[in-house]
Amino acid sequence: MTARHGWWLWRGGVFLAALAPLALWAWQVATHAAGPEPGRFLLLNTGLGALWMLLLTLSLTPLTRLTRWKGFTLIRRQLGLWTLAYACLHVLSYALFILGLDWALLGSELVKRPYIIVGMLALLGLMALGATSSHWAMRRLGKRWKPLHRLAYPILGLVLLHFFLVVRADLKEWVMYAVAAALIMATRLPPVARALPRVRRAVSRA
Ligand code: HEM
């Protein structure tokens, strides 16, 4: 097997792993194992799924610095697009099961639940990143591509704010995600980013 085949297998494996939760939730809904409110089950799971995908995507750069393994870089775009796909399914669940496609309801929802506006901003940001994720867009945007894709950081902030406003009565789960996000972001601080290759060298010497 050539290295090229190995990378295809790796990318294919990541694709199947990212698809698996969706297949599981669909199965649970189809077999009535998703509880009394399957629509809400899908809404909450796809929301959390999108957050997981975003955190995983943002972990890949520090992991590459730490290990120098090319495999992490090769799945960055794929996981970014999975974040967008989960977020779109989350919003679709909202439109279908909460709004019942009654768009007149949206106005009163926005006033009653400001976290929807925060979620919408995060989704718009994810769409901008998805639309500019191709090699063609990368070439077209040149030096502007990297600063544009740093939008992922404020998007993560918006998603955490959205989540916080949803669950503010019970913050235990939220705090876990916020700590994970803070750790991932801390690896981007210049002194920490510079230390990661040193950690790799120290570990490989040991
Ligand atoms: C138009 C955009 C969005 C809308 C309308 C929306 C709507 C909602 C609603 C209605 C809930 C459940 C509130 C409840 O418990 O009653 C929710 C929860 C959540 N959403 Fe969103 N959302 C949007 C965007 C996003 C995005 C972009 C993400 C992540 C990338 C996200 C992640 C979450 C998370 C993590 C939860 C909490 C799930 C839980 O409590 O287990 N949402 N959202």
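The values are calculated or read from the model by the stated rules, or taken from the named source; none is laboratory data. Treat the numbers as computed from the prediction; the structure is a model and nothing was measured. Here Cβ is always computed from backbone atoms with ideal geometry, including for glycine, and neighbour counts include all displayed protein chains.
Here's the yes/no breakdown for (1) within 27 Å of THR46 (Cα to Cα); (2) more than 12 Å from the ligand (Cβ to nearest atom); (3) of a type in the set (Asp, Glu); (4) under 14 Å from the mean Cα position of the chain (by Cα):
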position: LEU151; (1), (2), (3), (4): yes, yes, no, yes
position: VAL167; (1), (2), (3), (4): yes, no, no, no
position: VAL175; (1), (2), (3), (4): yes, yes, no, no
position: ALA180; (1), (2), (3), (4): yes, yes, no, yes
position: LEU189; (1), (2), (3), (4): no, yes, no, no
position: ALA193; (1), (2), (3), (4): no, yes, no, no
position: ARG200; (1), (2), (3), (4): no, yes, no, no
Residues that are more than 7 Å from the ligand (Cβ to nearest atom) and more than 8 Å from the chain's Cα centre (by Cα), drawn from the stretch 39-53: GLY39, ARG40, PHE41, LEU42, ASN45, THR46
Selection within the stretch 74-91 - within 27 Å of VAL192 (Cβ to Cβ) and assigned to a helix (DSSP H, G or I): LEU74, ARG76, ARG77, GLN78, LEU79, GLY80, TRP82, THR83
Residues (more than 23 Å from LEU54 (Cα to Cα) and not in a helix (DSSP H, G or I)) located in the stretch 169-206: ALA169, ALA206
Cross-chain or 6+ apart pairs with Cβ under 9 Å, the stretch 171-184 first and over 17 Å from LEU63 (Cα atoms), then more than 11 Å from the ligand (Cβ to nearest atom) and assigned to a helix (DSSP H, G or I): LEU171/ALA178
Cβ pairs under 9 Å, 6+ apart, first in the stretch 54-73 and closer than 17 Å to ALA202 by Cβ and in a helix (DSSP H, G or I), second at pLDDT 95 or above and within 16 Å of the ligand (Cβ to nearest atom): PRO62/ILE184
Filter result for the condition that a residue is part of a loop (DSSP other than H, G, I, E, B) and among the small types (Gly, Ala, Ser), over ALA18, ALA23, ALA34: ALA34
Count of residues meeting criterion [over 21 Å from ARG77 (Cα atoms) and exposed (fewer than 10 other Cβ atoms within 10 Å of the Cβ)] in the stretch 1-31: 3
Members of the stretch 100-144 found to be within 12 Å of the ligand (Cβ to nearest atom), surrounded by 14 or more Cβ atoms within 10 Å (Cβ to Cβ) and part of a loop (DSSP other than H, G, I, E, B), listed by number: ARG113
